[in-house]
Amino acid sequence: MTEVRDRIIRIVAEQAMLDPSELKLDMSPQDIGIDSLGLVESIFAIEEAFDISVPFNANEPEKSEFDISTLGAIVSAVEKLVAEKA
Amino acid sequence: MSAKKLKGEKPPKAERKTAKVKGKMKSATKAARTLLGRVIMGRHANGMRRVAITGMGTVNALGRDVPATFEAMREGRCGIGPLEFRDVERLAIRIGGQVRDWEAETYFNRQQIVLYDKFTQFTLLAAREAVEQSGLVFEGELGLRSGVVLGTAAGGMNTWDENYRTVYEEGKNRVHPFVVPKLMNNAACSHVSLEYGLLGPSFTVATACASSNHAMGMAFNMVRSGAATVMLTGGSEAMLCFGGVKAWEGLRVMSKDACRPFSATRNGMVQGEGAGVFVFEDWEHAVARGADILAEVVGFSMSADAQDIVMPSAIGAERTITNAMLDAHMRPEEVGYINAHGTGTAANDKTECAAVAHAFGHHADRLMISSTKSMHGHLIGGTGAVELLACIMALRDGVIAPTIGYEEPDPECALDVVPNTAREARVEAVLSNAFAFGGLNAVIALRKA
């Protein structure tokens, strides 16, 4: 599963125009400097990378089943979706 | 309600400068109102002409003409339901305000259908109703002095979709020869001019969700300035096809179940389709021929937020609302009803309510504001045109169309949103808001005729 984590970090880092080493798992999208449009684009990239469908509604991100509060939360949620697919 | 500023929103530089001279501007505005506000017959004291609406027509999910649409709005009926078109099962979003059982053959012959995309078909049907109601015949000088300006965001989307299928999915190497004249954004506008022999200024405006309001604002200014005697105006959209909805799905702002503007339980927008067309006519011309004047167009304002490509700005919206009232020589207290942009997204609804609270101060608590998108869906480039119907119904029939699907108050949208049931009320002046993706705003003001 470290592979999943590293790929997500690379995706998010690219979106934020940062080096992956600058990202910490306890950072929120806001800390990383990603706005709502950047988040939608990151989730699209994650869906493409892992061939999964992420339940995320930009209207009420905090109410989505998909936890996006921190990078770590995104990683766990994606890991769960990847595991469910397998 | 409290007029609090949205978090993290900084007024642009120009705005801050304007604030400094606001005091000076206030007295200048007052003087302008007394001087320019005077109306003598069909002209304003400054020589500008008055603009009458003498015809209206529509096709949308609520009905195929104005009477059917008014009836549905009065009853608070919902036109949104399951989408029906090819490959809909591959979509995550499967609801919309679709014009059901549409058969082009009912209205047009084969030669016409090969040239008319659905957005053109909707437009022509709406134009037919509007022109018939106006009683105008565009012969001689009047044809030369009349034009068409319409809004659409996507033009012939169904034609793009069908023909991409042909070449990409089916692998064919030949398409119908009329693909281009059918899909072009100005097709509807051109066919209206052809149909009625309108030889004056004619063009199409594409500003996403504000297209129709921009188009009607242009038409208003052309008649007001004397550049045209009559303008057919409004807009249309027909994006409900696989490719159209798939593109919108990507943004993740669409609701899977309903459009509930201003309700705390809202979860996104729902797309609609259809058209609205109006006859804007020089007031003196309309009076001279004894036309039935449905309402008067009195003001228009447009602006850009210059802030974000999708997120709306309360400051930009407020500025546009205020300037539309200034253009109309209208005091905020005169406005009885606003047809909201009210998309049902978290971002739009709270931003729009904050803008209205700022623009109207205490009067914000006394006016009514509803979003009819809850019934007909968001017609994107055609939405302002269908929504102007609700404004005319308010002025003419004294019936305020409701915001349906309203379940729970949202403290950030604490205005009288006319929840769920239409209301009888006398209103003298109304506004119609449109705030598009791209931060482009257009607000139009009407008065009772």
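Nothing in this text is a laboratory measurement; each read-out follows from the coordinates by a stated rule. Note that the structure is a prediction, hence the values are computed from the model and not measured. Every residue, glycine as well, gets a Cβ built from its backbone with ideal geometry; the counts of neighbours run over all protein chains shown.
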### Message
Longer than 31 Å from Cα to Cα, which of B:182/B:373; B:182/B:350; A:80/B:373; A:85/B:118 are they? Say none if no pair is.
### Response
B:182/B:350; A:80/B:373; A:85/B:118
#### Entry: Check: the protein assembly as shown dipole with +1 on Lys, Arg Cβ and -1 on Asp, Glu Cβ, in debye
2140 debye
### Message
Are there DSSP H segments in chain B that both extend 18 Å or more along their axis (alpha-carbon positions) and score a mean Kyte-Doolittle hydropathy of at least -1.0? List them, or say none.
### Response
B:22-36, B:118-134, B:211-225, B:314-327, B:346-360, B:383-397
### Query
Which ³J(HN,Hα) values in Hz, rounded to whole numbers, follow from the phi angles of region B:376-382 under the Karplus curve 6.51 cos²θ - 1.76 cosθ + 1.60, where θ = phi - 60° and Gly and Pro get x?
9, x, 8, 7, 6, x, x
### Query
Counting other C-beta atoms within 10 Å, which of B:353, B:78, B:209, B:259 has the fewest, and how do the rest follow?
B:78, B:353, B:209, B:259
#### Entry: Among beta bridges that DSSP assigns inside the protein assembly as shown, antiparallel share in %, nearest 5
65 percent
### Task
Could you please rank B:230, B:356, B:175, placing first whichever residue has the fewest other Cβ atoms within 10 Å of its Cβ?
B:175, B:356, B:230
### Message
To the nearest 20 Debye, how big is the dipole of region A:2-85 about its Cα centre, given +1 on the beta carbon of each Lys and Arg and -1 on that of each Asp and Glu?
### Response
140 debye
### Message
Could you tell me which residue out of B:146, B:277, B:258 lies farthest along the dipole of chain B toward its positive end? Charges go on the beta carbon: Lys and Arg +1, Asp and Glu -1, centred on the Cα centre.
### Response
B:146
## Note on the structure
The percentage of Cα-Cα pairs in region A:2-85 separated by more than 23 Å is 10 percent
### Query
Dipole of chain B, Cα-centred, from +1 at each Lys and Arg C-beta and -1 at each Asp and Glu C-beta, to the nearest 20 debye?
1760 debye
### Task
Per residue of B:345-353, count partner chain C-beta atoms within 10 Å of its C-beta, then hand back the mean as an integer.
2
### Query
What does the highest-first list of B:375-383, B:425-433 look like by mean Cβ count within 10 Å?
B:375-383, B:425-433
### Query
Does region B:332-449 come out rounded, prolate or oblate by the C-alpha gyration tensor, with a ≥ b ≥ c the root eigenvalues, rounded set by a/c under 1.5 and, if not, prolate when a/b is larger than b/c and oblate if not?
rounded
### Query
How big is the C-alpha Rg of the protein assembly as shown next to the rule-of-thumb value 2.2 N^0.38 Å, as a ratio?
1.00
### Task
Determine the sum of side-chain charges near residue B:367: Lys and Arg each +1, Asp and Glu each -1, restricted to other residues whose C-beta is under 11 angstrom from that of residue B:367.
-3
### Query
Where does chain A land at 222 nm, in deg cm²/dmol rounded to the nearest 500, when only DSSP H runs of n ≥ 4 count, each adding -39500 (n - 2.57), divided by all residues?
-18000 deg cm²/dmol
